[in-house]
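Below: one structure, written as structure tokens.
The numbers here are math on the coordinates, done by the rules we state, and not lab data. None of the values given here were measured: they were computed from a predicted structure. Ideal geometry is used to build each Cβ from the backbone, glycine not excepted, and the neighbour counts take in all protein chains shown.
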Amino acid sequence: MSKNVQSLGRGAGILLPISSLPSKYGIGTFGREAYRFVDSLAEAQQTFWQVLPVGPTSFGDSPYQSFSAFAGNPYFIDLEYLVQEGLLTKKDIESKEWGDDPTDIDYATIFDNRFDVLRIAYSNSDHKDSAEYKEFCEDNVYWLDDYSFYMALKFKFDNKAWSEWDEDIKFREKVALNKYQKELKEDIDFWKFCQFKFYAQWMELKEYANEKGIQIIGDIPLYVSMDSADVWVHGRLFELDERKNPINVAGVPPDCFSETGQRWGNPLYDWVAMEKEDFSWWRERMKANATLYDVIRIDHFIGVVRYYRIPSTCPTAMEGAWKKGPGKKLTDAIQESIGDSKIIAEDLGLVVQSVRDLMEETGWPGMKIMQFAFDGSNVNSNLPHTYKNSNVLVYGGTHDNETLVGFFESVEEEDMEYTYKYLNVTKKEEVPKAVIRSAYASTADVAIMQMQDILELDNSARMNLPSSVGQNWRWRLTEDQFTDDHIEWLKDLAETYGRELDKPEIEEEEIDETTED
């Protein structure tokens, strides 16, 4: 095992996106229900709360396709707290539609109404003269002005991607930049206000969680969206042509899950250009995320070592090729930028030896998925008895997978027989809970379960079906769904398997060193 192991300690946690929290206003926020959930985590003796990326979402509503790698999603600003501050009235909020299904997020309705309400709060605010606001702007000078300007322009140009804006501002000509900064000054200030409120509310919630002994695990995509402030402003750091169109895009090759592979479409980094600037953009990005989270999960970590490059002219991922990534040069820059925060490397997919070598070098923990374990083989590396060391996180499934209930409904009978034997159960309905128990009993430092799996929900509660658009990222927890019985069950598991908040030290066997004469 690496001498640089960055152990998270033995614990357990729940994966629940901010968007999935209960709320009267269409989507989860940093409000009362978030604090209530933290209390429930502490009661259940959980050590971690894992969230999905919290950036502002674009078309398709995916948190992995954001307008910024730094900014927060204004949808998560709690409106009732703005009422308490005197920036809104109850009438301001209740006069708007927020959707009529508490289990679902109606993103179109929220988009139509949320910013109108936030603009009222902005017009009633005297934040500009406050020391807190000035300090916030100074601390986030690297990205805040660029992002706010970008969002003001985006709304001016009817929400079109920046690549479809007028030529002068698309190419950031100086005259155009000056012209629009003056014209859109008020709008730019509004978007800065949204970030000020997002960060203020989030940091207060994070502090509350930390005081309860709970660490926040955040999630960041390896790549950024083409339609983002990052690519518009820092185009030199991406593989773009002279017209600022992507030359190559990100994805993964064909495999047993997809005959044509996955073409994600994100622009690829120009790693030579990144290195020439000492990875300054990545350093700033990681510094910002280390402020937001105690632990940062880097999605698609294998792309740091080698990445799949697809020509932008190819409509599928069939014509791509593997290229060498920055590897240790980037992980060193990341490590130097995150202070006391820690890293999780999402190492799912085709893991080659060079990926394993880099993880060994960094000491960053990887992931195991219980859903992938039951193929009938007793040497499957996702089975708890095969874990070679404890520096790993075990999940029932991730946001991209079926729920445990949904998954085991379609498992072949032969594999189910092995599943029953391994988990020591006899019925399919007993399997989801047994999977969670097996994960808790494992030697993995951390066991993380999706809320949907704790509640034993079927695939109607699935968070995301990759390569599809329209019904993803919409599931929400209702107010009384996570019950005292669930909390008590998790608490019992945590205490039984040494994952509770206040864990005693593991007893070391005493060795009698006396010798007989």
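So how long is each side of the stretch 279-424 along the principal axes, counting just the alpha-carbon atoms, biggest first, in Å?
Over the stretch 279-424, Cα extents along the principal axes are 52, 42, 27 Å.
Helix 280-292: angle to the longest alpha-carbon principal axis of the chain, degrees 0 to 90, nearest 10?
Taking the Cα atoms of the chain, the angle to 280-292 is about 70 degrees.
Looking at the P(r) of the chain, how many percent of alpha-carbon pairs lie beyond 40 Å?
23
Rounded to a whole number of µm²/s, how large is the Stokes-Einstein D of the stretch 199-305 at 20 °C and 1.002 mPa s, given Rh as the Kirkwood radius over C-alpha pairs?
Using the Kirkwood radius from Cα pairs, D works out to 134 µm²/s.
Indicate, rounded to the nearest 5 percent, the antiparallel portion of the DSSP beta bridges found entirely in the chain. Present the calculation step by step, with values, prior to reporting the outcome.
On the way: 14 of 40 bridges.
Roughly 35 percent of the beta bridges in the chain run antiparallel, per DSSP.
What net charge do the residues around Gln46 carry, taking every other residue with its C-beta under 13 Å from that of Gln46, with Lys and Arg at +1 and Asp and Glu at -1?
-2
For the stretch 68-193, what is the convex hull (Cα atoms) projected area averaged across all directions, in square nanometres? List each step's numbers first, then the result.
Numbers: hull surface 36.4 nm².
Projected over every direction and averaged, the Cα hull of the stretch 68-193 covers 9.1 nm².
Defining a contact as two alpha carbons under 8 Å apart and six or more residues distant in sequence, what relative contact order in percent does the chain show?
Once divided by the residue count of the chain, the mean separation gives 21 percent.
Provide His399, His385, His486 in ascending order of the number of other Cβ atoms located within 10 Å of each residue's Cβ, fewest first.
So the ranking, lowest neighbour count to highest, is His385, His486, His399.
Which ³J(HN,Hα) values, rounded to whole Hz and listed in residue order, are derived for the stretch 370-376 from phi using the Karplus coefficients 6.51, -1.76 and 1.60 in 6.51 cos²θ - 1.76 cosθ + 1.60 with θ = phi - 60°, glycine and proline given as x?
4, 4, 7, 7, 9, 10, x
Please give the net charge around Trp232, taking every other residue with its beta carbon less than 11 angstrom from that of Trp232, where Lys and Arg add +1 and Asp and Glu add -1.
Value of the local net charge: +1.
For Lys433, give me every one of the lysines with a C-alpha distance below 19 angstrom, ignoring sequence neighbours fewer than eight places off in its own chain.
Lys433 reaches Lys368, Lys421, Lys491.
Once each part is reduced to its C-alpha centroid, what is the distance from the stretch 293-319 to the stretch 385-452 in angstrom?
The two parts, judged by their Cα centres, are 27 Å apart.
Using 0.36 nm per residue, how much length does the chain from Ser280 to Lys323 gain when fully extended, once their Cα-Cα distance is taken away?
Here the segment from Ser280 to Lys323 would lengthen by 13.3 nm.
Would you please calculate the Kirkwood hydrodynamic radius of the stretch 344-496 over all C-alpha pairs and express it in Å, rounded to one decimal?
After inverting the pairwise mean of 1/r, the radius is 16.6 Å.
Ranked from highest to lowest mean number of other Cβ atoms within 10 Å per residue, what is the order of the peptides 389-397, 98-106?
The packing order, highest mean first, is 389-397, 98-106.
Hey, any idea what the orientation-averaged projected area of the convex hull of the stretch 1-156's Cα atoms comes to, in nm²?
Details: hull surface 50.5 nm².
Result: a mean projected hull area of 12.6 nm².
What's the tally of Lys pairs in the stretch 164-249 whose alpha-carbon atoms lie under 18 angstrom apart, where the two lysines are 8 or more places apart or on different chains?
8
Using only alpha carbons, build the gyration tensor for the stretch 244-345 and give me the equivalent ellipsoid semi-axes, biggest first, whole Å.
Square roots of five times the eigenvalues give 27, 16, 11 Å.
I want the local charge near Glu164. Using Cβ-Cβ distances under 13 Å, sum +1 for each Lys or Arg and -1 for each Asp or Glu among the other residues. Intermediate results must be reported in sequence, preceding the final value.
On the way: positive: Lys154, Lys156, Lys160, Lys170, Arg243, Lys244; negative: Asp158, Asp166, Glu167, Asp227.
Summing Lys/Arg as +1 and Asp/Glu as -1 gives +2.
What translational D, rounded to a whole number of µm²/s, comes out for the stretch 140-225 from Stokes-Einstein when the hydrodynamic radius is the Kirkwood one over Cα pairs, at 4 °C and 1.567 mPa s?
Details: Rh = 15.2 Å.
Rounded to a whole number, D works out at 85 µm²/s.
Give me Thr29, Thr443 ranked fewest to most by other Cβ atoms within 10 Å of their Cβ, as a rough exposure proxy.
Details: Thr29 25, Thr443 14.
Fewest-to-most Cβ neighbours within 10 Å comes out as Thr443, Thr29.
If each residue's Cβ is checked for other Cβ atoms within 10 Å, how do Ile310, Ile487, Ile188 rank with the fewest at the top? Intermediate values should be presented prior to the final figure.
Numbers: Ile310 26, Ile487 19, Ile188 22.
Going from sparsest to densest Cβ surroundings: Ile487, Ile188, Ile310.
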